[in-house]
């Protein structure tokens, strides 16, 4: 199974380390993000890390720059993890086994932006990672499999992110051999049950000590902590970022 890996973040990098141990997988190329890409990636992996896989690494600002290259490589599968750009249908249709993605919610719940941040803001207790086939919609393609985990009320964004990475690794081990054999599940999503997360606005990172109640303040700090930019208060015109906090 010839695979192209499209990723620029820690999740995608750790997932590829796992995938590279699967005998059926032949990695034929990695596509990652240029330094000046317009898409912000908070936990970006430098190119020297991708070089460890001993295949060509292509850096792009937009995936459309790789259209011809992907066509020429004729992959069986395109894997997309942590890529903050909608993949065009012209690219999705190239691999004969499909283009798959990983979303850190239990789809169809939590489609859309900033899933880990929004998971905390929405006080979700049970979440997970969904492996699914990409289509022209937003996180709406057929589901291959899901791996669930619990979220503790004291979990920060990084705690959930680590759970996401481990769940993604298990999905890879469970389903990549089935994809290669052509026997992987294709479970259509129930669009009636879909719930879309809204894209957070940077101004929401500010803690308003006069308006925000203590529980909301803690949620902001947890949701926006590393690998994100952090919640902050203004002190004498300057931002004071708060990475950890508790209520006494």
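Select from the stretch 5-34 the residues that are under 14 Å from residue 83 (Cα atoms) and over 16 Å from the mean Cα position of the chain (by Cα) and list them in ascending order. Answer for the stretch 5-34, where residues must be under 14 Å from residue 83 (Cα atoms) and over 16 Å from the mean Cα position of the chain (by Cα): 30, 34.
If residue 199 passes every condition in (1) over 25 Å from the mean Cα position of the chain (by Cα); (2) closer than 26 Å to residue 40 by Cα; (3) exposed (fewer than 14 other Cβ atoms within 10 Å of the Cβ) but one, which one does it miss? In the conditions (1) over 25 Å from the mean Cα position of the chain (by Cα); (2) closer than 26 Å to residue 40 by Cα; (3) exposed (fewer than 14 other Cβ atoms within 10 Å of the Cβ), residue 199 misses (1) alone.
On inspection, residue 137 qualifies as free of Cβ contacts under 8 Å to residues at least 12 places away in the same chain, part of a loop (DSSP other than H, G, I, E, B) and under 21 Å from residue 191 (Cβ atoms). Within the stretch 144-156, none of the residues are buried (at least 20 other Cβ atoms within 10 Å of the Cβ) and closer than 25 Å to residue 61 by Cβ.
Only residues that are over 20 Å from residue 129 (Cβ atoms) and either outside the structural domain of residue 172 (by TED's automatic domain parsing) or in contact with a strand residue (DSSP E or B) (Cβ under 6 Å, 6 or more places away or on another chain) (or both) were counted in the stretch 71-91, giving 3.
The values are calculated or read from the model by the stated rules, or taken from the named source; none is laboratory data. Owing to the predicted nature of the structure, the values given are computational and were not obtained by experimental measurement. Every residue, glycine among them, receives a Cβ derived from its backbone with ideal geometry; neighbour counts consider all protein chains shown.
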